[in-house]
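What follows is calculated from the coordinates using simple rules that are stated; it is not laboratory data. All values reported here derive from a predicted model rather than from experimental measurement. Here Cβ is always computed from backbone atoms with ideal geometry, including for glycine, and neighbour counts include all displayed protein chains.
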Amino acid sequence: MKAKLSEFGERRRWFQGVLAEAGLDGAFLSSPVTVRYLTGFTGSNSMLLMGASGAELFTDPRYTVQVEQEADAEKKTVAAGVLMNAVCASVKKRRMRRMGFEASHLTYEGYARLGEGLGAKVALKPLGRGLAERRAVKSAGEIAAIRRAVAINSEAYERALKQFRVGMLETELAAELDHQMRLLGAECAAFDTIVASGAHSALPHAHPRPVPVKANALLLIDMGAQASGYASDMTRMALPGKPSRRAAKLYRAVLEAQLAGIDATRPGASASSVDHAARRVLKSEGLEELFIHSTGHGLGLEIHEYPRIGKTEECELKPGMVITIEPGVYVEGWGGIRIEDTVLVTERGCEVLTPTPKELRVL
């Protein structure tokens, strides 16, 4: 009886089929995220050679013990010196002639060095987005990791806000959010935590500043935790004071747009239809021009993954995809409002994984 393949083994077997269909003898994979997805290895220096006989994982002597403990691969090679040289030697030994590579990750310098190392007899072909599409549909284990990341960032948000006081620096609050995520078991923040108050919140990807949060200033917090390698993403709005009529009106419009995007999220729907649903609400309020980014994105081992939830994205949503829904409006000189949840596409619709209430939080 054949032993049951691990989840990593199943992924590699699928990828071998992709390579065979493309007429490729193998593939050179250099993205750390791809290496982790196919083998589970998390070292900072690694390369993966996929072929008909399986995967050969390359790393350096710093990871001699870790690669044996952690990696799931048919062969593990610890190489001194430049890893690419060891990869090229293995390709030649296997007599591969058509090699795929990750065009979205390999630099021009890396491509040139790979071509020089392999020689003219080996043709290099860019891989399509098959791996990205496969990664977009999460397994039960991946979904469980994302749920844990979501739970961590939501609880950290509640704990950090209990420490908030008017006059606290944006950087202090960002540090408290990160600290609480770590205390709750996060490996790290999934991305640089955003804390932006007042007019600064009109920058969608604002960086926290060493300036105090003032009373009656809108406070935008965009945060996520990483658990078992998987990310979560959430944006919430708070206000240390009483909301103005303008703030209340814009918040209501963004919330309705976000709910419309969630309602449109279901299997078979296109990514663009979700974007259109959210954008349609803001257009009806005369706010469409203030919505300056896409409605969301996939997430998993990376904070931004396929698919993009944008105007022209025709990707069909499938059960198991995990995406964000995050419309926003941004008024230069006044401030911005964004509401974001992590959302799982299910067999019949979707499930909002983020438990944090969406009302404007008055502090």
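Things worth noting here:
- Computed on the chain, with alpha-carbon pairs under 8 angstrom and 6+ residues apart, the relative contact order is 13 percent.
- Here the Karplus relation 6.51 cos²θ - 1.76 cosθ + 1.60, evaluated at θ = phi - 60°, turns the backbone of region 43-54 into coupling constants of x, 7, 10, 7, 9, 10, 10, 9, x, 4, 8, x Hz, with x for every Gly and Pro.
- For region 293-327 versus region 148-206, the gap between their alpha-carbon centres in whole angstrom: 23
- Value of Rg/Rh across region 193-301 [Cα atoms, Kirkwood radius]: 0.99
- Convex hull volume of the Cα atoms of the chain, normalised per residue: 158 Å³.
- Here the peptides 351-357, 216-222, 266-272, 170-176 are ranked by packing, the mean other Cβ count within 10 Å, and the order with the highest first is 216-222, 170-176, 266-272, 351-357.
- Sparsely packed loop sites in region 135-176 (the trypsin sites (Lys or Arg not before Pro) outside DSSP H, G, I, E and B with at most 13 other Cβ atoms within 10 Å) comprise R165.
- Rounded Å value of the spacing that divides the Cα centres of region 36-70 and region 232-291: 42
- Near L218, the amide H atoms lying under 5 Å from its own belong to G198; only residues 5 or more places off or on other chains count, and H is placed 1.01 Å from N.
- Förster-model FRET efficiency, 25 Å R0, N216 and S284, C-beta, rounded to 0.05: 0.35
- Our coupling estimate for region 179-196, obtained by passing each phi through the Karplus curve with A = 6.51, B = -1.76, C = 1.60 and θ = phi - 60°, is 4, 5, 4, 5, 4, 8, x, 5, 5, 5, 6, 5, 6, 5, 4, 9, 10, 9 Hz, Gly and Pro reported as x.
- Computed FRET value (nearest 0.05) for A112 with E68, which takes r as the C-beta separation and R₀ as 45 Å: 0.85
- Site pair V137 and A103 shows an inter-label distance of 2.4 nm when each label is modelled 7 Å from Cα along Cα→Cβ.
- Residue exposure sequence - F291, F191 - by fewest surrounding Cβ within 10 Å: F191, F291
- Calculated FRET efficiency for the pair E314/R348, C-beta based, R₀ 30 Å, to 0.05: 0.85
- Angle in degrees between helix 140-162 and the longest Cα principal axis of the chain, rounded to the nearest 10: 30
- Virtual spin-label span in nm between K121 and A89, 7 Å along Cα→Cβ: 1.7
- Kirkwood Rh in Å, taken over all unlike Cα pairs in region 88-150: 14.1
- Degrees separating the helix 83-94 axis from the principal Cα axis of the chain, which is the longest one: 40
- When peptides 252-258, 76-82, 51-57 are sorted by average Cβ neighbour count within 10 Å, with the highest value leading, the order is 252-258, 51-57, 76-82.
- Sequence-distant residues sharing a close amide H with M321 (under 5 Å, placed H): K138, V345
- Taking every C-alpha pair closer than 8 Å and separated by at least 6 residues, the mean separation divided by the residue count of region 11-132 gives a relative contact order of 25 percent.
- ³J(HN,Hα), Karplus 6.51/-1.76/1.60, whole Hz, each residue of region 22-29, x for Gly, Pro: 8, x, 9, 7, x, 8, 9, 10
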